[in-house]
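The values are calculated or read from the model by the stated rules, or taken from the named source; none is laboratory data. Given the structure is predicted, the values throughout are model-derived calculations rather than measurements. Cβ sites come from the backbone with ideal geometry, for glycine too, and all protein chains shown count toward neighbours.
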Amino acid sequence: MNEAPPVVAIEGLRKVFAAPDGTPFAAIDDISLTVRPGVLTALVGPDGAGKTTLIRMIAGLLQPDGGSLRVLGHDVHRDPQAVQNRISYMPQRFGLYDDLSVQENLDLYADLHGVPDDERRERIGRMLAMTDMARFVARPAGKLSGGMKQKLGLACTLVRSPDLLLLDEPSVGVDPLSRRELWAILEQLIERDRLSVLVSTAYMDEAARCDALYVLHHGRLLAQGTPDDLRALAQGLTYEATPPPGVPARAVQARLIDAPSRIVDAVPRGGSVSLIRRPECSEAAMAALVPDAAITPREAGLEDAFMLLLHAQPGADVAPAASPAPPLVRDAEPVIVVRDLVRRFGDFTAVANTSFDVRRGEIFGLLGPNGAGKTTTFRMLCGLLPATSGTLQVAGVNLRHARSKARARIGYVAQKFALYGNLTVRENLRFFAGAYGLRGAAADARIAAVIKRFGLDPAMTSGILPTGYKQRLAMAAGLLHQPDILFLDEPTSGIDPLARRAFWRTITELAAEGVTIIVTTHFMEEAEYCDRIAIQDAGRVLALGTPQAVREAAGGDHTMDMNRAFIAIVEQSRANGESAAA
Amino acid sequence: MSGFFTRLRALLRKETRQMLRDRSTLLVGLMLPVVLILLFGYGLSFDVRDAPVAVVIDDPAPVARDAVAGISGSPYLAPVFVADMADAIALMRAHRVDAIVHLPSDFARRRAMGDAQVQVIINGTDTASAVIIEGYLDSAIAETSLHDSDRTGPGGSVGAVTVVPRMWFNDANESTWYLVPGLLVLIMTLIGAFLTSLLIAREWERGTLEALFVTPVRPTEIIIAKIVPYLLIGAIDIAVCLLSARFIFHVPIRGSLALIVLTSLLYLAVSLLQGLWISGVTRNQFAASQVALLASFMPATMLSGFIFDLRNAPLVVQVISHLLPATHFMAVIKTLFLAGTVWSAVVKACAVLSLYILVLGLLTHRTLRKRLD
Amino acid sequence: MGAFIALAAQVWSLCVKELLAMVKDPANRLILFAPALIQSLLFGYGATFDLTHVPYALLDQSGGKAATELVARIDGTGVFRRAMTLRSSEQVAGAIDSNDALLVITIPSDFDSLLARGETAPVQVILDGRNSSTAGTALGQISAITAAYNLTQGASAPVSIVRRAWHNPNLQSRWTLMPALIAGLSLMQTLLVAALSVAREREQGTFDQLLVTPLTPIQIMIGKSLPAMLIGIIQSTIILAIIRLWFQIPMQGSIMLLYVGLVGFTAAAVGIGLSISAFALTMQQAMLYTFLLIMPMMLLSGLLTPVRNMPDWLQVITYANPLRFGVDMVRRIYLEGAGLSDIAFDFVPLGVVSMITLPLAAWLFRNRLS
């Protein structure tokens, strides 16, 4: 077959950075790959795999330290501008100008790419229609929600039809609804313009849509092939365990994941647990771990293959499990009471008439698309924002007015890493211990305890920790003072599947110890770990109850995954809203 | 080439909009200069008027009182007559007077003998004022005693040398006349140091530069687009400075107005490029503003000859001073305002400033060469 | 008592964190302390009104003995350096325009004969008024030289003036300026450090984390003020050391009192900085607002020109300027050896500014919403 020349041809590429301590380490280590024209190619890998470095090198922003790198027939190293004239690139943090409006941002990039007027009108019009942003053209980009910003970033990148499109984790931190829209736009454009695309992602459902996959880990290529090629790796190793009635799925999952010698991975899904056994572990040995559950084989997915590949690598361990705490009898008395909570900003209602209770030892999830009011609700609960009206009690007091003693009973983990980046792990912990009034031996003991629990290196500078470890440190700081209630704002946003497993393992453990947990998340499959969830959109609570109850409210049975349930509920409510308005 | 102009126009529009939408930028760019002009014009003055001076006369003789009559007559001095030295010293300690004039009890007797002494004690804490007050006291007392000598007619007249001073360019010896032109330097420096020094650093910090780099944009276009809107702000400031110099402070403009504007614009470009370069090197707004403040603004205030005459500084400081573009602009702007068009000075300054534009332009270009490592 | 220790311990941990965060970064360390060092050296040498080198041009039309003697006296001071000798009065303009000479001394052709006849002989001095403070000082010196010359010629004045300058016997302007810089130079960094402290945390998202801890706004305010004050006082100490040890300007007052005064001054400066910081939403805003304030504060402080020379309405405004009282206090203690009672009044406006700005900052921490 006579194939067209590749768009990107990489041979033995290397890139060496200096580590913070001065020793060189290879961010890209002898990688060879090709991107064929008219095809959607994905780079898949956990944090620190080298995805961003590789894409930046292709864009001519970083110099290679060895190997060859040709893009669209040009040697990138020699003539980066020639490449930059023909490609479009969307960095992970897309460079929108916050103080310019949507239209102005689009026009800027259209001008920079020299798109002629008539073509531009047609293309920008189409972009605005696709992204459903025609209503917002005059709004400053800084006032858009996260999902909209990402869509606008994509629109700016695609104001012209490039010879190669580079997308660096285009959907990180975006809710499922926006994520689906983003990919719909992308697929339409690929279809229409026969685009050649290289995308990096940590989402397996996105990778599954691509034609060719390259799995990276620590700068090296682990595997490559079509999604089917990769799925075949996990064939015959994947099962589903259904717990007996009355036993929560996450209890079964905890037992499975604590046996890493036999089980690669286990996650709760749709009321049961999806698991992968190690090839060397027999089915019988696996079943012995959970004798009370019914185990049936299931079709292997891309994520299974990915987990299998990563676990074959050294150092891919899940956080050490602590000794199981005795199961706690939950009090009927709620620790958080929210009644008719309202928050307005000017004439915009961010949170409308929200009511719910959370009981002690419960894991309560707040779910919703970007801009749904989750963060506003959350900030009011933590006492960071006054409510416009309504009552709000946390541990019996309103934190906004409460004496500092009441605040000592809560822990808070912010959405983005919010510790002091240039302090070491120990210095950060020392500070928070002090701020929470821990002193002397008591402080030392607590710091030692959380360092052990989260497997932290106390001498590391916290700002240069990998994302997963930053997240562990933030948790450690939030738990130093053994709070009764822990608030977690999108704790798993931007961290890879491995680190997420470890994170939820800790959360379920804490809940078992009696800590009440309030968590917001974009990852709908994580709702499965929660006892109860509330789904918010446009400031209102659309559904409230156990994951099972929410699934049923969405009109599905236990096999429906949370993503679909969520999209169904939000779309149904939006449709109702529009028909009511009409 | 048309691509160049399309891109440049787009970038220019972007930078201008960003500038206009940021209130703190406009405050610093347009408000601060006006505040400075008013403060400099009205608030800063080295000229002493009505300086309080304690006068202690321990000799009751009328001749003693006459001897200090000149102090009462001086428009620059305000005598406070006190009974004894203890009171005078107390006043001086409390900063209620700046100097003490003391006529001892034997003044009249020694006066008759021709070797009378007047004791003058000055508070040297503020040297500039002290020197000036001392001068006024000297001449006030000398004036009186000269009258006396006329009256008494000392024998054997010998001719005396008198100094006939003429202050060129500034006959009234007003400090506003040289402070206000100097202010032009300060304000042009300030726009570069405070505003453009944040521009590239901000784009690094917000991550907007990465997307911009992977477009057909050339570094030169980014630089021009970032400079031009601030050139306009600077041009407005130049106009405000010139108008207030002429109409509020009545500073003469003896040289060519066109040349004043031209050299100001050249220096403005130097200052803006310097800010951009610092911004591009530091890639961090905090560091950029600190470096700009310390490396361009403070030296321009203190070491450019604005207030202090660098001829009296050690060689090292003079060399540093001559490395500052502000020094060259300061010299030529004062000349153009107060002395007139001196072509040799103008040509030299323009050449130096153009050289700085070239060098800083190239340096800034290097910092934007579209690379992340 | 135990409760107090517990509260203080919380504040202490915040102070430690602030200081660590500030000095961990090597670039930051350099930015915090190198400028104080370099600037105080540079300004110590550069910022002076004293004359040491005055280039002048001579147009001696007489060429007589008296004229030669007078010129020899001028040259003999070591201050005046003859840059050029002119032949005709046409050359005068050129000498001044080209900046080659600060002044031109013209001795008329009948100089000697006038003196011999016992008449007054004028010496014309043309000065470059583009920098009139230097020119004025130079003129004063020329006058002094001619007066001294007259004395030797027997034209004695009947009254002689015995001058003594307190606190600065040789009236060196370095003595005036440098102690003022102990307050002036440290102000800038103190303000910036304070102004960025909260703004940076807001921008990086760590401020919310701080607000959910049991720390009260007052505790946060104290924990943020003390490190900024410490930085300011360390800077002052660097400058003080340079003045005392390098430039060897004698210190008259008590070092204890000086530090007490500096604490009062930096507290007010930090209060202003923290208020800016709590009000600003981004670091950029915090920096620009700080610049907007620093310039007028410097100009209206008496650092360069006396406050007394300002119009009344401006003098009233200066009461809100901590630097005015900081400069006054430091100069008085350092040069005049002032005691506590002499400078007690300076603490009043400083105290008022701190009392308003520090609680304002604490209130803004929780109530300023983005």
How about region C:291-320: which of its residues are at pLDDT below 90, closer than 26 Å to B:Arg23 by Cα and more than 7 Å from chain B (Cβ to nearest Cβ)?
C:Ile294, C:Met298
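In this structure, does C:Ala9 turn out to be more than 33 Å from the chain's Cα centre (by Cα) and at pLDDT 80 or above?
When the stated conditions are applied, C:Ala9 passes them.
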Determine whether region A:407-430 contains at least one residue that is surrounded by 19 or more Cβ atoms within 10 Å (Cβ to Cβ), part of a strand (DSSP E or B) and more than 11 Å from chain C (Cβ to nearest Cβ).
no
Do we have B:Leu353 as surrounded by 18 or more Cβ atoms within 10 Å (Cβ to Cβ), more than 16 Å from the chain's Cα centre (by Cα) and in a helix (DSSP H, G or I) here?
yes
In the list B:Ile223, B:Ile236, B:Ile260, B:Ile227, which residue meets the criterion of being in contact with a Phe, Trp or Tyr (Cβ under 9 Å, 6 or more places away or on another chain) and β-branched (Val, Ile, Thr)?
B:Ile260
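Scan region A:49-62 for residues that are in contact with an Asp or Glu (Cβ under 9 Å, 6 or more places away or on another chain) and under 28 Å from A:Met460 (Cβ atoms) and report the count.
Number of matching residues: 8.
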Exactly one condition in (1) within 16 Å of the chain's Cα centre (by Cα); (2) part of a helix (DSSP H, G or I); (3) polar (S, T, N, Q) is not met by A:Thr506; state its number.
(1)
If I filter region A:314-326 for residues that are assigned to a loop (DSSP other than H, G, I, E, B), surrounded by 14 or more Cβ atoms within 10 Å (Cβ to Cβ) and at pLDDT 85 or above, do I get at least one hit?
no
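For C:Leu151, indicate whether it is surrounded by 19 or more Cβ atoms within 10 Å (Cβ to Cβ) and either part of a helix (DSSP H, G or I) or modelled with pLDDT under 85 (or both). Even if it seems obvious, please write down each step before you answer.
Numbers: surrounded by 19 or more Cβ atoms within 10 Å (Cβ to Cβ): no; either part of a helix (DSSP H, G or I) or modelled with pLDDT under 85 (or both): yes.
The answer is no for C:Leu151.
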Would you be able to tell me the number of residues in region A:210-236 that are aromatic (Phe, Trp, Tyr) and in the same structural domain as A:Asp265 (by TED's automatic domain parsing)?
0
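Find the residue count for region C:13-49, including only residues that are polar (S, T, N, Q) and within 14 Å of chain A (Cβ to nearest Cβ).
Adding up the residues that qualify gives 2.
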Filtered residues of region B:291-303 (kept if crowded, with 24+ Cβ neighbours inside 10 Å and touching a Leu at 6+ places or on another chain (Cβ under 7 Å))
B:Phe297, B:Ala300, B:Leu303
Among the residues of region A:84-103, is there at least one that is in a helix (DSSP H, G or I), within 30 Å of A:Val35 (Cα to Cα) and at the interface with another protein chain (Cβ under 10 Å from one of its Cβ atoms)?
yes
For region B:7-18: of the residues being crowded, with 19+ Cβ neighbours inside 10 Å and at the interface with another protein chain (Cβ under 7 Å from one of its Cβ atoms), which is nearest to the chain's Cα centre (by Cα)?
B:Gln18
Cβ pairs under 6 Å, 6+ apart, first in region A:92-104 and modelled with pLDDT under 85, second among the polar types (S, T, N, Q)
A:Gly95/B:Thr208
Helices (runs of 4 or more DSSP H) fully within region C:216-321 counting 2 or more residues that are outside the structural domain of C:Val353 (by TED's automatic domain parsing) and either crowded, with 24+ Cβ neighbours inside 10 Å or on the phi > 0 side of the Ramachandran plot (or both):
none
Is there a residue being within 11 Å of another protein chain (Cβ to nearest Cβ), of a type in the set (Lys, Arg) and over 24 Å from the mean Cα position of the chain (by Cα) anywhere in region B:19-38?
yes
What single numbered condition from (1) in contact with a Lys or Arg (Cβ under 6 Å, 6 or more places away or on another chain); (2) not in a loop (DSSP other than H, G, I, E, B) fails to hold for A:Leu69?
(1)
If I ask for residues that are crowded, with 23+ Cβ neighbours inside 10 Å and within 14 Å of chain A (Cβ to nearest Cβ), which ones from region B:222-236 would you list?
B:Ile222, B:Lys226, B:Pro229
Got at least one residue in region A:44-66 being in a strand (DSSP E or B) and surrounded by fewer than 18 Cβ atoms within 10 Å (Cβ to Cβ)?
yes
Kindly state which helices (runs of 4 or more DSSP H) lie completely within region C:1-112 and contain at least 2 residues that are small (Gly, Ala, Ser) and buried (at least 21 other Cβ atoms within 10 Å of the Cβ).
C:2-23, C:26-46
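Each row is one residue, and each column tells you yes or no for (1) out of contact with any Leu (no Cβ under 8 Å at 6 or more places or on another chain); (2) modelled with pLDDT under 85; (3) assigned to a strand (DSSP E or B).
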site: A:Val358; (1), (2), (3): yes, no, yes
site: A:Gly361; (1), (2), (3): no, no, no
site: A:Leu366; (1), (2), (3): yes, no, yes
site: A:Gly371; (1), (2), (3): yes, yes, no
site: A:Thr376; (1), (2), (3): no, no, no
site: A:Arg379; (1), (2), (3): no, no, no
site: A:Gly383; (1), (2), (3): no, yes, no
site: A:Gly390; (1), (2), (3): no, no, yes
site: A:His401; (1), (2), (3): yes, yes, no
Look through C:Asp128, C:Asp100, C:Asp112 and report the one residue that is among the acidic types (Asp, Glu) and touching a Ser or Thr at 6+ places or on another chain (Cβ under 6 Å).
C:Asp112
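For region B:289-339, give me every one of the helices (runs of 4 or more DSSP H) that falls completely inside it and has 3 or more residues that are over 23 Å from C:Met295 (Cβ atoms) and more than 9 Å from chain C (Cβ to nearest Cβ). Let's see the steps before the verdict.
Details: elements: B:298-302, B:315-323, B:325-334.
Per the criteria, B:315-323.
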Search result, residues across region A:196-226 that are under 24 Å from A:Asp561 (Cα atoms) and outside any strand (DSSP E or B)
A:Ala202, A:Tyr203, A:Met204, A:Asp205, A:Glu206, A:Ala207, A:Ala208, A:Arg209, A:Cys210
C:Ala199 passes all but one of (1) modelled with pLDDT under 85; (2) touching a helix residue (DSSP H, G or I) at 6+ places or on another chain (Cβ under 8 Å); (3) not basic (Lys, Arg); (4) not assigned by TED's automatic domain parsing to the domain that holds C:Glu69; which number fails?
(1)
